[in-house]
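The values are calculated or read from the model by the stated rules, or taken from the named source; none is laboratory data. Note that the structure is predicted; figures quoted are calculated from it, not measured. Virtual Cβ from ideal backbone geometry, glycine too; neighbours counted across all protein chains shown. Surface accessibility is based on the protein's heavy atoms, side chains included, excluding ligands, DNA and RNA. Shrake-Rupley method; radii C 1.70, N 1.55, O 1.52, S 1.80 Å.
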Amino acid sequence: MSLRFSRSQSLLRSLPSQSSKRSASNVGLLWSLNASHVGQTQLTCGHTRRFKSIYIDALKIGQEPVTGKPTSMSDIEPAKLEIHLREPLKTPPKLSELVFGENFTDHMLTIPWNVVSGWGTPRIVPYGPLALEPSTTVLQYAQTLFEGMKAYRNENDRVTLFRPDMNMKRMNASASRLALPTFDGDALLTLIKELLKVDKHWIPKEQGHSLYIRPTLIGTQRALRVTPPNEALLFVVCAPVGPYYPKGFKPVPLHGTTEFIRAAPGGTGAYKLGANYAPGVMPQKKATSEGYAQNLWLHGSEHHLTEVGTMNMFVVFKRGDTTTLVTPPLDGMILPGVTRDSVLTLARDHASGERPIPGLPSNLVIEERGVTMAEIKSSIEKRELVELFGTGTAAIISPVDRIGYLGEDIDIPVGEDGMGPLSRPFWERLVGIQRGGIESDWNVVVCG
């Protein structure tokens with residue numbers, strides 16, 4: 001369907017105006033490196049402290065991303081939103097026919113930017129192709145970043161988002177790292193909510209289903225030179241998705257990857273950039289050909305565990321009467337995952353007695369530190385390893401049952417139902433919050 005519309009076909013919706021001043025909530029250190037957690041974080045690498053400073057600098061508001069000079073350009077203005085409705089609307093696919101990331105809703109959100117005037121008119125338009133010239137910088141130099149979020153619709157028709165402010169903060173940090181324009185995260189969230197209201201009938205109500213939301217920012221300058229772009233485009237598309245494990249939990253086997261790396265100190269591993277994902281396709285293909293589901297990215301001569309495929313990673317040890325939940329620190333190589341932070345927050349609240357979670361051990365210790373394959377092997381020999389799992393927006397929790405490492409398979413303990421003694425309570429609590437069964441300020445109501 002053509003994306004050209006006459007004025008008579010456009011529906012202009014007036015929204016409450018927002019200050020062009022960017023929200024102060026976007027400033028500061030994020031996730032588990034905030035002030036309340038720094039004292040609990042074991043800094044295993046010298047560059048952890050430097051990464052903390054970099055992340056704060058990346059979120060300074062009202063500054064040009066390269067020079068740091070103040071800018072007076074227009075920010076995103078929800079009050080200027082134009083809505084151009086598709087006619088006729090598509091029929092959403094049957095839930096049994098959903099393929100993750102392949103079925104898209106009727107509409108998308110687009111917001112242009114240029115270096116002269118800043119952010120332009122936001123528009124909700126029918127989902128369709130983008131017009132890009134071959135010289136566009138996103139095509140030539142991978143000037144692209146994205147986020148992954150989900151909207152949930154419960155039996156009472158209430159639509160909610162799970163911790164979307166975290167995605168906006170991380171997206172701004174990624175934009176700054178690529179010298180792309182930053183924006184008011186609250187303003188973009190207002191517009192995403194409007195998009196969800198327009199396409200509300202695409203959000204499944206059924207248990208385990210949701211609407212996946214993909215905000216994306218690309219450089220659109222037409223130039224064959226590596227430079228901060230003078231034009232950019234922010235767009236948001238949505239896709240209904242089913243449960244990650246439609247037939248019950250199935251632990252995944254991992255290939256302990258030593259011949260390739262996902263990230264390195266001083267690189268871009270801590271940002272959600274398109275350029276971080278394409279190089280992982282070939283190692284993923286190689287791991288699959290050898291009978292494994294994902295790569296376990298190992299780093300350095302000691303083979304530190306970093307991430308599981310595109311997910312953050314947790315290891316659980318039990319030594320004596322103490323159960324320890326361990327995850328690698330945010331050292332500049334690890335992506336600050338929203339689910340990662342949620343698991344850590346739930347664990348700390350349980351350990352402090354503030355919000356106990358049924359099923360979790362009372363004597364629980366949380367550590368952000370490095371874990372090597374030598375420690376994994378030693379803990380298995382001593383029967384100290386309880387479980388290993390990944391966390392991410394798509395799967396929430398993904399248990400691991402085997403690691404292929406230097407020519408041998410190392411078995412990881414899992415429960416009869418495919419999960420472990422900590423991963424299941426965390427998964428149940430997170431799903432309860434996301435579906436609205438457990439009250440939490442992490443849920444942001446869109447409508448209903």
(message) If amide hydrogens are placed 1.01 Å from N in the peptide plane, which non-local residues have theirs closer than 5 Å to the one on CYS447?
(response) VAL159
(request) Heads up, I need the accessible area for TRP202: 1.4 angstrom probe, whole protein in place, Å², nearest 10. (result) 10 Å²
(message) Just to make sure I understand: if all protein chains stay in place, what is the order of GLU387, GLU428 by accessible area at 1.4 Å, largest first?
(response) GLU428, GLU387
(request) May I ask you to evaluate 6.51 cos²θ - 1.76 cosθ + 1.60, the Karplus curve with θ = phi - 60°, for each residue of the stretch 213-227 and list the ³J(HN,Hα) values in order in whole Hz, giving x for glycine and proline? (result) 10, 10, x, 9, 10, 10, x, 10, 5, 9, 6, 9, 8, 7, 7
(request) Show me 304-312, 115-123 ranked by packing, highest mean number of other Cβ atoms within 10 Å first. (result) 304-312, 115-123
(request) Heads up, I need the accessible area for ASP186: 1.4 angstrom probe, whole protein in place, Å², nearest 10. (result) 60 Å²
(message) Show me, for the stretch 423-431, the HN-Hα J-couplings you get by feeding each phi into the Karplus relation (A = 6.51, B = -1.76, C = 1.60, θ = phi - 60°), rounded to Hz, glycine and proline as x.
(response) 4, 5, x, 5, 4, 4, 5, 5, 5
(request) Only bridges with both residues in the stretch 227-354 count here: give the DSSP antiparallel percent, nearest 5. (result) 70 percent
(message) Based on the alpha carbons, how large is the Rg to Rh ratio for the stretch 332-448 when Rh follows Kirkwood?
(response) 1.00
(request) Note down the accessible area of HIS350, probe 1.4 Å, to the nearest 10 Å². (result) 20 Å²
(message) For the ranges 140-150, 391-401, 95-105, what's the packing order if you count other beta-carbon atoms within 10 Å of each residue, average per peptide, and put the highest first?
(response) 391-401, 140-150, 95-105
